[in-house]
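The block underneath contains the structure these notes are about, expressed in structure tokens.
The values are calculated or read from the model by the stated rules, or taken from the named source; none is laboratory data. Keep in mind the model is a prediction, meaning the values are calculated, not measured. Every residue, glycine as well, gets a Cβ built from its backbone with ideal geometry; the counts of neighbours run over all protein chains shown. Heavy atoms of the whole protein, side chains included, go into the accessibility calculation; ligands, DNA and RNA do not. Shrake-Rupley method; radii C 1.70, N 1.55, O 1.52, S 1.80 Å.
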Amino acid sequence: MSTLAEVLARETRAGELYDTLPDGRLRCYACGHCCPLPEGAIGVCKVRFNERGRLMVPWGYVGGVQCDPIEKKPFFHAHPGALAYSFGMLGCDLHCGYCQNWVTSQALRDPAAVAPPIEADPDSLVRDALRQHARAIVSTYNEPLITSEWAVAVFEQAKAAGLATGFVSNGNGTPRVLEYLRPWVDLYKVDLKSFDDRHYRELGGRIGPILDTIRRLHAMDVWVEIVTLLIPGFNDSRDELMRLTEFVASVSPDIPWHVTAFHGDYKMTGPPNTTAEMLLGAADIARANGLRFVYAGNLPGMVGDLENTRCASCGDLLIGRYGYHIRDYRITPDGACPSCAARVPGRWSRRFDGQIASRPFLPGSRRFTILGSR
Ligand code: SF4
């Protein structure tokens, strides 16, 4: 039986996001690490590598597939109620101790993370998404930037079939990968984990590329929503939340900011769980800094109005939610408030067709094969 690394090394093809340096090394631009890779070397992500002068990148598999409410990504201002066909590959360019997707993201770093890759091709993924009545298809579960070529191959077919496309990402991008993705990615969730570069270095990154990604995506007219998992003692100081939310508001006060509750996971089990009061306090800071759409997540029914969308002009309720579930929907077909006609920022479907509840879904073994099992 092959090891996971051996299996994944076979499931590759030559990528596009790299240059050959004068000294013969390759420079990868899929994420903000911009790894210089000599012959035979593998990147920080552990899935892209230099093989005889070509950058080999992940191809032809998924680490998991599931249909989720789009609210779970979370996108609150994009096709509410839609089912998002969600797929991931394996690996990540960061190594966050509290990762909630560590089984797939850390599959190549942590022997305890066991996630067998499943053979797939773009056509069958898109057909499955349509069969499930998905409205969107989203690359998530691991860091999609490091598998951008594969995501674009899937999204090309998805867009031709009329699906919206999205990334759920840590935002550690480069100008080059964002230009590459721009024609194919409609929605982009950035996980803004902190506003302190020292914290980002603990997680294996730098804050600079992440802030640059947020600015560029907004300037490119990609729909952006931002999530911050509020971790007591890590990123919840008033000063840090002030600077973080000031930054988001400086890019656009219309970017939705989701502040979500931490619970112990993976290697970070020390901090206490985030309380509703902590989320409400963070939301107050965000609103005071001018953000118009602030949401508190992971504690359904405990955060008052912070699960709902209200019109930024007249305050009327536009979308009522309980957790991921939509209880009320009043946005007009052209994306406006029915009371005052103010435009509501987002990507709205012409009408709300009800919500398809979450249904866990793994491709049936008849159509997909677990790689390494043959
Ligand atoms: S995706 Fe990022 S970590 Fe992986 S090889 Fe490219 S630059 Fe390095």
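Okay, here's what the table says:
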| quantity | calculated |
| --- | --- |
| Fluctuation leader among 283, 120, 342 - the chain, Gaussian network, Cα springs under 10 angstrom | 342 |
| Rounded accessible area per residue of the chain, 1.4 Å, Å² | 40 Å² |
| Estimated dipole of the chain in Debye, rounded to 20 [Cβ of Lys and Arg +1, of Asp and Glu -1, Cα centre] | 620 debye |
| Fraction of beta bridges assigned by DSSP in the chain that are antiparallel (%, nearest 5) | 55 percent |
| GNM result for the chain, Cα springs below 10 Å: residue of 289, 273, 308 fluctuating most strongly | 273 |
| Segment residue 220-residue 132, extension gain: residue separation times 0.36 nm, minus the distance between their alpha carbons | 28.6 nm |
| Cβ-placed point charges (K, R +1; D, E -1), dipole of segment 37-92 about Cα centre in debye, nearest 20 | 120 debye |
| Whole-Hz couplings from phi, Karplus 6.51/-1.76/1.60, listed for segment 187-196; x for Gly and Pro | 10, 9, 9, 10, 8, 8, 7, 6, 10, 10 |
| Percentage, to the nearest whole number, of Cα pairs in segment 230-362 over 19 Å apart | 57 percent |
| Segment 189-224 versus segment 42-96: alpha-carbon centroid distance in Å | 17 Å |
| J(HN,Hα) series, segment 221-230, from Karplus relation 6.51 cos²θ - 1.76 cosθ + 1.60, nearest Hz, glycine and proline x | 6, 7, 6, 10, 10, 10, 10, 10, 7, 7 |
| Among the listed pairs 73/159; 46/159; 46/72; 46/73; 72/193, those beyond 21 Å (Cα-Cα) | 46/159; 46/72; 46/73 |
| Tilt relative to the chain, helix 238-251 - C-alpha long axis, 0 to 90 degrees, to 10 | 90 degrees |
| Order by protection proxy (mean Cβ within 10 Å, highest first), peptides 255-263, 234-242 | 255-263, 234-242 |
| Relative contact order computed over segment 1-47 (Cα-Cα under 8 Å; 6+ residues apart), in percent | 23 percent |
| Solvent-accessible area of residue 206 with every protein chain in place, 1.4 Å probe, in Å² to the nearest 10 | 100 Å² |
| For residue 278, solvent-accessible area (1.4 Å; no DNA, RNA or ligand), Å² | 70 Å² |
| 3J(HN,Hα) from dihedral phi, segment 52-58, Karplus parametrisation 6.51/-1.76/1.60, rounded to Hz, x for glycine, proline | 6, x, 10, 8, 8, 10, x |
| Peptide ranges 46-59, 310-323, 132-145, 11-24 listed from the most packed, as the mean C-beta count within 10 angstrom indicates | 132-145, 46-59, 310-323, 11-24 |
| Folded to 0 to 90 degrees: helix 207-219 orientation relative to the chain principal axis, Cα | 70 degrees |
| Segment 212-323 - percent of accessible surface contributed by carbon and sulfur, probe 1.4 Å | 50 percent |
| Under-5 Å amide H pairs with residue 303, H placed in peptide plane, nonlocal only | none |
| Where Rh is the Kirkwood radius over Cα pairs, Rg/Rh for segment 27-86 | 1.20 |
| Long-range HN-HN contacts of residue 67 with modeled amide H, under 5 Å | 86, 359, 361 |
| Longest to shortest principal axis, alpha-carbon extents of the chain, angstrom | 61, 45, 38 |
| The chain, relative contact order [Cα under 8 Å, separation at least 6], % | 16 percent |
